[in-house]
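Following: one structure in structure tokens, then a few remarks.
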Amino acid sequence: MSSVKILLVDDEIPFVETMTKRLIKRNFDVLTAFSGNEAIKQLQEHMSVEVVLLDVKMPGMGGIETLGEIKKLYPILEIIMLTGHATVESAIEGMKLGAFDYLMKPCDINQLVSKVEEAVTKKRMHEDKIIEARVKEITSKRA
């Protein structure tokens, strides 16, 4: 898989630092944000992000609210929710809003990498379908 850019969003600085190192060791390009608002700014500046790893519990704009905002702005961006405080309600809400998956912290790094790869594959397939549809649209207008 070609280089994948991830945005890691969590208000816990030690967690972000540790996960960033672990993901970089696995050849991911990692951006970080410590709040929902900062995450949205990062996405506006870095359009090549393919997967967001998003903490559920954050002060200010929480993870579920951030998920909703990101999905409004970037509907095919894949988001994996991370939490140390899982509840069935927040998992259901996240999935309803379009989260790709939901993992408990601390999560196994191999499981996380696998989920990220699945999410990237899904996003790239959506992008390919959009391109195919646009090409068909353009070529049918010429016919």
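The values are calculated or read from the model by the stated rules, or taken from the named source; none is laboratory data. Fair warning: this is a prediction, and the values are worked out from it, not measured in the lab. Every residue, glycine as well, gets a Cβ built from its backbone with ideal geometry; the counts of neighbours run over all protein chains shown.
The residues of the stretch 89-125 that are among the hydrophobic types (A, V, I, L, M, F, W, C) and not in a loop (DSSP other than H, G, I, E, B), listed by number, are A91, I92, M95, L103, M104, I109, L112, V113, V116, A119, V120, M125. Quick check: is even one residue across the stretch 85-93 surrounded by fewer than 17 Cβ atoms within 10 Å (Cβ to Cβ) and hydroxyl-bearing (S, T, Y)? Yes - at least one qualifying residue is present in the stretch 85-93.
Just give me the residues in the stretch 69-88 being modelled with pLDDT under 95 and in a helix (DSSP H, G or I), in sequence order. Matches in the stretch 69-88: V88 only. Candidates in the stretch 24-41 are the residues that are without any contact (Cβ under 8 Å) to a residue 24 or more places away in the chain and over 23 Å from M61 (Cβ atoms); of these, the one that is surrounded by the fewest Cβ atoms within 10 Å (Cβ to Cβ) is K25. Determine whether the stretch 96-110 contains at least one residue that is farther than 23 Å from K25 by Cα and exposed (fewer than 15 other Cβ atoms within 10 Å of the Cβ). Yes, the stretch 96-110 contains a residue that is farther than 23 Å from K25 by Cα and exposed (fewer than 15 other Cβ atoms within 10 Å of the Cβ).
Residue-by-condition table, conditions (1) in contact with an Asp or Glu (Cβ under 7 Å, 6 or more places away or on another chain); (2) farther than 17 Å from A39 by Cβ:
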{"position": "Y74", "(1), (2)": "no, no"}
{"position": "L82", "(1), (2)": "yes, no"}
{"position": "A91", "(1), (2)": "no, yes"}
{"position": "K96", "(1), (2)": "no, yes"}
{"position": "N110", "(1), (2)": "no, yes"}
{"position": "K115", "(1), (2)": "yes, yes"}
{"position": "M125", "(1), (2)": "no, yes"}
{"position": "I131", "(1), (2)": "no, yes"}
{"position": "T139", "(1), (2)": "no, yes"}
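When the stretch 97-112 is filtered for residues that are more than 11 Å from I80 (Cβ to Cβ) and either modelled with pLDDT under 90 or in contact with a helix residue (DSSP H, G or I) (Cβ under 8 Å, 6 or more places away or on another chain) (or both), the ones remaining, listed by number, are L97, G98, M104, K105, P106, I109.
Residue check, M47 against (1) exposed (fewer than 12 other Cβ atoms within 10 Å of the Cβ); (2) at pLDDT below 95; (3) more than 15 Å from the chain's Cα centre (by Cα), all met but one. Which one? Just one mismatch for M47, condition (3). Residues of the stretch 4-26 that are over 12 Å from the mean Cα position of the chain (by Cα), within 12 Å of V116 (Cα to Cα) and outside any helix (DSSP H, G or I): R26 alone.
Of the residues G84, G63, which single one is in contact with a strand residue (DSSP E or B) (Cβ under 9 Å, 6 or more places away or on another chain), touching a residue at least 40 places away in the same chain (Cβ under 8 Å) and closer than 19 Å to E12 by Cα? Step through it out loud before you land on a result.
Numbers: G84 fails: touching a residue at least 40 places away in the same chain (Cβ under 8 Å).
The conditions single out G63.
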